[in-house]
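Enquirer: One structure coming up, written as structure tokens, with questions to follow.
The values are calculated or read from the model by the stated rules, or taken from the named source; none is laboratory data. Since the model is a prediction, treat every value here as computed from it, not as a measurement. When we count neighbours, we look across all protein chains shown, and the Cβ atoms used for this are built from the backbone with ideal geometry, even at glycine.
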Amino acid sequence: MELNIHSPHPARLDWRIGCIGSGFIVNDCHLVAYRKAGFNPVAIASRTQANAANCAAQHDIPAVHDSIDQLLDDESIEVLDIAVPPDNQLAVIQAACERGTAKGILAQKPLGANYAEAVAAVEACEQAGIVLAVNQNMRYDQSVRAGKTLLANGTIGEPVLATIDMRGIPHWMPWQERQGWVTLRIMSIHHMDTFRYWFGDPERIFCTTRPDPRTQFPHTDGIASYILEYASGLRAIAIDDTWTGPAREGAPADIGIEWRIEGLDGLAKGNIGWCRDPYTTPSTITYAAKGDSGFHSPTWPESWFPDAFIGTMAQLLIALETGEEPVIGGRDNLKTMALVEAAYRSAAEHRAVEPDEIN
């Protein structure tokens, strides 16, 4: 069975891409993926010019700008690939919109430090006529896409119950300490967006959180669990456990991310390779339907990191070519941001919250 695990590619590969940021996500994911796909990053800038220069040398990028503003002033850049901390992202997007020279922007998730900033980013791009897409890259994990295919083609039938169980220890970024939040906007946002990708928008969410004992700076959402309720009766449930037991304090580790979709006609389950060692380990899927004599377990060489980042850039370039909305457009991503915001409100008020309360 064709599981549609690969992203479509744009017809044109030479779109001139300017990268803003030179940290891990750009150096180890974006640019590796773009070179594999044949995309065309031509310039880079970051807060520290030396870091941008090192990144450019590693990935053969011809132009290194002295500052982010200088790159934004470069009228030859057609697409901006923005990878800065979320509380800095809106200012960069607004600066790009003031210039109005770029045709498209690929922004990181979360699309701002909160929902209000995400709305401001979307509105700025719409007013400037710039196509905005969001790097919700878990949608392009190969097992996640395979799960979507099994839902779309009816193999497992109407979904009844879905779960994502993350027992992983992320590498928190230094800028998170000033945010006062960790898991819901950084990790859970992937899972909520994946549930939206698979099943559409839920009616409400109930979320409960507690701090992670390992993370020393003040935060409330180190460990999170939440239930998405759908009108069909489907329940989508996630546990995002960044503690996982004392795996860094001397105990054996049991780390992984697993997902499961139970349908009326079949079952699909997957294992995300991202938090294995190495992080380029491919994800997996196992599935079976009524009448099958056993489970199917196809394999592939690609992995979420870095291969999924081909898809997130490709969907923007395809949108620029076709004039259609990106698959993960900014306006649609506001629904994911609202769901995350609803989770924070739910945890604070100990009640189920409808995303429309945020909208």
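Enquirer: Do any residues in region 308-325 that are in contact (Cβ under 8 Å) with a residue 24 or more places away in the chain and crowded, with 24+ Cβ neighbours inside 10 Å have Cβ atoms under 9 Å from those of residues that are of a type in the set (Lys, Arg) and not in a helix (DSSP H, G or I), where the two are at least six apart or on different chains, and which pairs are they?
Expert: Correct list of pairs: Leu317/Arg12.
Enquirer: Within region 7-43, can you find the residues that are in a loop (DSSP other than H, G, I, E, B) and either closer than 11 Å to Pro306 by Cα or among the charged types (D, E, K, R) (or both)?
Expert: Selection gives Arg12, Asp14.
Enquirer: If you don't mind, another one. Only one of Pro202, Pro218 is touching a residue at least 24 places away in the same chain (Cβ under 8 Å) and either closer than 27 Å to Val327 by Cβ or in contact with a strand residue (DSSP E or B) (Cβ under 6 Å, 6 or more places away or on another chain) (or both). Can you tell me which?
Expert: Pro202
Enquirer: Follow-up. Which members of region 25-47 meet the condition of being touching a residue at least 40 places away in the same chain (Cβ under 8 Å) and surrounded by fewer than 21 Cβ atoms within 10 Å (Cβ to Cβ)?
Expert: Across region 25-47, the qualifying residues are Ile25, Asp28, Val32, Lys36, Ala37.
Enquirer: Among (1) outside any strand (DSSP E or B); (2) buried (at least 16 other Cβ atoms within 10 Å of the Cβ), where does Thr299 come up short?
Expert: Failing condition for Thr299: (2).
Enquirer: Test each condition in (1) farther than 23 Å from Asp28 by Cβ; (2) in contact with a Ser or Thr (Cβ under 8 Å, 6 or more places away or on another chain) for Leu106 and report the one that comes out false.
Expert: (1)
Enquirer: Regarding Glu349, is this residue of a type in the set (Asp, Glu), over 21 Å from Lys36 (Cα atoms), surrounded by fewer than 20 Cβ atoms within 10 Å (Cβ to Cβ) and in contact with a strand residue (DSSP E or B) (Cβ under 6 Å, 6 or more places away or on another chain)?
Expert: In short, no.
Enquirer: Say we look at region 232-248 and pick out the residues that are in contact (Cβ under 8 Å) with a residue 12 or more places away in the chain and more than 19 Å from the chain's Cα centre (by Cα); which of these is farthest from Gly294 (Cα to Cα)?
Expert: The qualifying residue farthest from Gly294 (Cα to Cα) is Arg248.
Enquirer: So, one more: Got a sec? Which helices (runs of 4 or more DSSP H) wholly within region 77-162 have at least 3 residues that are in the same structural domain as His65 (by TED's automatic domain parsing)?
Expert: Correct list: 86-99, 115-128.
Yes/no matrix, rows are residues, columns are (1) at pLDDT below 95; (2) under 13 Å from the mean Cα position of the chain (by Cα); (3) of a type outside the set (D, E, K, R); (4) farther than 22 Å from Phe24 by Cβ:
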| residue | (1), (2), (3), (4) |
| --- | --- |
| Arg178 | yes, no, no, no |
| His191 | no, yes, yes, no |
| Arg196 | no, yes, no, yes |
| Ile205 | no, no, yes, yes |
| Thr208 | no, no, yes, yes |
| Pro213 | no, no, yes, yes |
| Gln216 | yes, no, yes, no |
| Ile223 | no, no, yes, yes |
| Ile227 | no, no, yes, yes |
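Enquirer: Here's another thing I want to ask about it. Can you tell which of Asp292, Asp201 is assigned by TED's automatic domain parsing to the domain that holds Met166 and closer than 19 Å to Val144 by Cβ?
Expert: Asp201
Enquirer: What are the residues in region 136-194 that are acidic (Asp, Glu) and over 27 Å from Ala289 (Cβ atoms), if any?
Expert: Glu177
Enquirer: Is it true that some residue in region 335-345 is of a type in the set (Val, Ile, Thr) and surrounded by fewer than 24 Cβ atoms within 10 Å (Cβ to Cβ)?
Expert: no
Enquirer: For region 313-359, enumerate the residues that are assigned to a helix (DSSP H, G or I) and out of contact with any helix residue (DSSP H, G or I) (no Cβ under 9 Å at 6 or more places or on another chain).
Expert: Leu316, Leu317, Ile318, Ala319, Leu320, Glu321, Thr322, Ser346, Ala348, Glu349
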